[in-house]
Structure formats: C-alpha cells, structure tokens
Amino acid sequence: MLSDARYAEHRQGRFAGLRYMDLTRPLPFADGSLAAVFSAHVFEHLFPDEVERLAREIARVLAPRGVCRIVVPDMERIVALYDPSAPQAFLKGVFEIERRSEAAFAHHWGYTRASLAALFRDAGCSETHTRAYREGVCPDIDRLDNRPDESIFFEAIK
C-alpha cells in the first residue's frame, strides 16, 4: 500500500515509468525482453517458494547478459546483533512487525550473500556478484540503491 505522500508523488508523475504488479504471479514480459530488473527490500516480504518462482521468472525475462539487482536486509548482520537478554527486540527487528495490523508488511524470510547466489544460479543466471552500495552494472543504481548500512547489494547476470 502506498502512503499518501508516495501516492501524491505517483500522481505527479514521479513514478510514471514504474509498473506495479503481483510478484507471486508470472511476470507480464516476454522471454528475454528486459535488460535490467531492480528490486529493493521486496524479497524478504515474500515466502521462500514465491521467491524461488520469482527468481526463475526474472531469469526468464532477462535478455542475454541482462542484470538483476536485488537489495535485501543483510541477515548475517541482523543475526550478529542478537542479544540474548533482549530477544523480543531482535525478533521485532527481524520481522519488522509489532501488531497484527502490520502483518501484510512482515518479513517472511531472510537472505545472505550465499543464499542469493544459490537462488539465482538455480534460476538460470550465469554470474552472481555481491556489490557495494551504488556500485555495479545495473543502470541507475545511483538513484535506486538505498539503506546502505543494513543491506546486501547483489547482482545476477543472465
């Protein structure tokens, strides 16, 4: 759900080139038709089986040598923050949810560099790379990347 401020930006045309879609369904693009796919802080909100299907769909729609850039919370960093004296704070940070009304936005899974690499190799990508914030081959990452202190920046090449 878009916030009122985000919706106002959308109405003003800021996001005119973006397409909103249900990522649990097949992507509405022809095979090999996209040069790049970008996703920031989305995968963790899907269930693992949905992400596996989505990774295969992304590989399907990417053109040869096309790039997919995925940004997700860094699960290894999150786990390193665990304090046994405050487990509730840790769980709140992992799932980003405190009340039932926020359930639609909860995290359902976590990712590491290795798990992303395996996911996209299994989906059919020929190369996988962990990248630095705003570094890589995906177009416009200087404008798209966000949350540099808490994220993994990952690219897969078809």
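The values are calculated or read from the model by the stated rules, or taken from the named source; none is laboratory data. Since we're looking at a predicted model, the values are computed, not measured. Neighbour counts are summed over all protein chains in view; Cβ atoms, including those assigned to glycine, are modelled from backbone coordinates with ideal geometry.
Some points to look at:
- Looking only at segment 94-130, and only at residues there that are among the basic types (Lys, Arg) and modelled with pLDDT of 95 or more, the one that is nearest to residue 60 (Cα to Cα): 121
- Residue in segment 131-147 that is β-branched (Val, Ile, Thr), closer than 24 Å to residue 79 by Cβ and at pLDDT 95 or above present: no
- Scanning segment 99-108 for residues that are within 20 Å of residue 77 (Cα to Cα) and either hydrophobic (A, V, I, L, M, F, W, C) or in a helix (DSSP H, G or I) (or both) yields a single hit, 106.
- Subset of segment 109-158 (residues that are more than 12 Å from residue 67 (Cβ to Cβ), assigned to a strand (DSSP E or B) and in contact with a His (Cβ under 8 Å, 6 or more places away or on another chain)): 151
- Residue ID - surrounded by the most Cβ atoms within 10 Å (Cβ to Cβ), chosen from residues in segment 125-156 that are touching a helix residue (DSSP H, G or I) at 6+ places or on another chain (Cβ under 9 Å) and among the aliphatic types (A, V, I, L, M): 156
- Residue check for residue 122: in contact with an Asp or Glu (Cβ under 8 Å, 6 or more places away or on another chain), under 24 Å from residue 29 (Cβ atoms) and exposed (fewer than 13 other Cβ atoms within 10 Å of the Cβ): yes
- Residue check: residue 92 meets all listed conditions (1) out of contact with any Asp or Glu (no Cβ under 7 Å at 6 or more places or on another chain); (2) without any contact (Cβ under 8 Å) to a residue 12 or more places away in the chain but one, namely (1).
Yes or no, residue by residue, for (1) surrounded by 19 or more Cβ atoms within 10 Å (Cβ to Cβ); (2) charged (D, E, K, R); (3) out of contact with any helix residue (DSSP H, G or I) (no Cβ under 9 Å at 6 or more places or on another chain):
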residue: 31; (1), (2), (3): no, yes, no
residue: 36; (1), (2), (3): no, no, yes
residue: 60; (1), (2), (3): no, yes, no
residue: 71; (1), (2), (3): yes, no, no
residue: 78; (1), (2), (3): no, no, no
